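The values are calculated or read from the model by the stated rules, or taken from the named source; none is laboratory data. None of the values given here were measured: they were computed from a predicted structure. Cβ atoms come from the backbone with ideal geometry, glycine included; neighbour counts cover every protein chain shown.
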Amino acid sequence: MTGSAIYSLEDLQRSGLIENISDGLRRVAAQFSVAITPTMISAIDPRDSADPIAAQFVPSEKELQVADAERSDPIGDFSFSPVKGIVHRHSDRVLLKLLNACPVHCRFCFRREQAGIAGGVLSSEERTRAIDYIAAHTEIWEVILSGGDPLMLSDRRLLETLEKIRAINHVKIIRIHTRVPIADPARITPELVEILRRDKPVYVLLHCNHARELTQDVRAACARLVDAGIPMLSQSVLLRGVNDNAETLSALMRNLVECRIKPYYLHHLDLARGTGHFRVGIDRGQNLMRELRSRLSGLCQPTYTFDIPGGYGKVPIGSVYAQARSDGWNIEDHRGVIHAYDAAGEEK
Ligand SMILES: *Cc1c(COP(=O)(O)O)cnc(C)c1O
Ligand code: SF4
């Protein structure tokens, strides 16, 4: 297929991913920009009208439907931002958002109103102020580089930033939230791997929603990271029409584990504007999690997670298997059979 990235409706039409450029699509693209990398274009099956990769990146007129509950800052980042680029909601960890750019623009993105803004990189003074904040707050144990996508930075800028963070004594863990190994696997060069693997542990958290995103090149890029001793975890978003059935989710989780990537979170979709067509009910999400529990190895189990609107943080919302009784517990097994547990001698 085509060798160049897609950044416009015209590009999409030329590549055959949309037939016509309607007024509706123009309005969508004016609000939420379009970006698809060659690797992701090549993962799309153009004969499949419900292709799960295309659904994530090709804009749709459905994005014009905005529900009352949807908002431009769905998880309340702004109210927890003491200095530009920092979100400090939980005392032991901060998000450090170095830039707004992403290699692809996911149509369901929770930060879609900030994503892709040209020039959205912290200036060096802003970066210094953000890192000074981390240095001044000794309760911060972990720094999470997020964005945008931190691996969009040049090696030089990334190394500079990591060196400054690594020099802060109380920071023990650096985590990188990224989609680059999937969207642009060639970016995972030996030089980049070398920058990530030094000194303090760097965990790479890969955003992946469908097993078909794990192309041969993507698997090789992830293997370069893991072979260098960099632990990888995954986060996925539960998305209607992309991965909202037990077979697809099972294949996704198993393929991740086969790549030595431990499934970490399955996110319930945030209330970003114009994302209603991707939304799955919490009850269905819980049922899917029960199916995963009964079908798959414990290695393949993510935590189903909900980010409470308004900035109250993330909580697990999967099914509960233990129900308290007056004199003990009812515990359900993976087949749905209840077993009484009398908890003799345990506090209640
Ligand atoms: C998601 C998030 C984190 C990370 O949460 P974990 O549960 O540790 O993965 C940290 N800070 C903010 C503001 C977040 O939104
Ligand atoms: S990679 Fe993440 S931050 Fe970037 S557009 Fe997709 S969901 Fe948004």
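Brief remarks on what is shown
- Annotation note: of L25, L12, the sole residue that is surrounded by 14 or more Cβ atoms within 10 Å (Cβ to Cβ), on the phi < 0 side of the Ramachandran plot and in contact with a strand residue (DSSP E or B) (Cβ under 6 Å, 6 or more places away or on another chain) is L12.
- For F57, the conditions (1) within 18 Å of I41 (Cβ to Cβ); (2) touching a strand residue (DSSP E or B) at 6+ places or on another chain (Cβ under 6 Å); (3) hydrophobic (A, V, I, L, M, F, W, C); (4) more than 10 Å from ligand 2 (Cβ to nearest atom) all hold with the exception of (4).
- Qualifying residue in the range 71-85 (condition: under 30 Å from A186 (Cα atoms) and touching a helix residue (DSSP H, G or I) at 6+ places or on another chain (Cβ under 7 Å)): yes
- Residue pairs whose Cβ atoms lie under 6 Å apart, sitting 6 or more positions apart in sequence or on different chains, and linking a residue in the range 173-187 that is closer than 16 Å to T161 by Cα to a partner that is within 12 Å of ligand 2 (Cβ to nearest atom) and polar (S, T, N, Q), are H177/S146.
- Selection of the range 89-111 for residues being part of a loop (DSSP other than H, G, I, E, B) and either within 10 Å of ligand 1 (Cβ to nearest atom) or not hydrophobic (A, V, I, L, M, F, W, C) (or both) yields S91, D92, N100, P103, H105, R107, F110, R111.
- Looking across the range 134-154 at every residue that is away from ligand 1 (no atom under 14 Å from the Cβ) and loosely packed, with under 14 Cβ neighbours inside 10 Å, the one that is modelled with the lowest pLDDT is identified as S154.
- Close pairs (6 angstrom Cβ cut-off, 6 or more residues apart or separate chains): over 19 Å from G120 (Cβ atoms) in the range 137-149, within 13 Å of ligand 1 (Cβ to nearest atom) and assigned to a loop (DSSP other than H, G, I, E, B) anywhere: E139/S91; W141/D92
- Of the residues making up the range 315-325, one or more are modelled with pLDDT under 95, exposed (fewer than 12 other Cβ atoms within 10 Å of the Cβ) and in a loop (DSSP other than H, G, I, E, B).
- The range 220-249 residues that are more than 18 Å from F108 (Cα to Cα), paired with ones that are assigned to a helix (DSSP H, G or I) and of a type in the set (D, E) (beta carbon under 7 Å, 6 or more apart): A246/E291
- Of all the numbered requirements in (1) near ligand 2 (Cβ under 8 Å from one of its atoms); (2) under 25 Å from R71 (Cβ atoms); (3) touching a Lys or Arg at 6+ places or on another chain (Cβ under 7 Å), P103 misses one, and that requirement is (2).
- Test: residue in the range 112-120 that is in a loop (DSSP other than H, G, I, E, B), modelled with pLDDT of 95 or more, surrounded by 18 or more Cβ atoms within 10 Å (Cβ to Cβ) and within 16 Å of ligand 2 (Cβ to nearest atom): no
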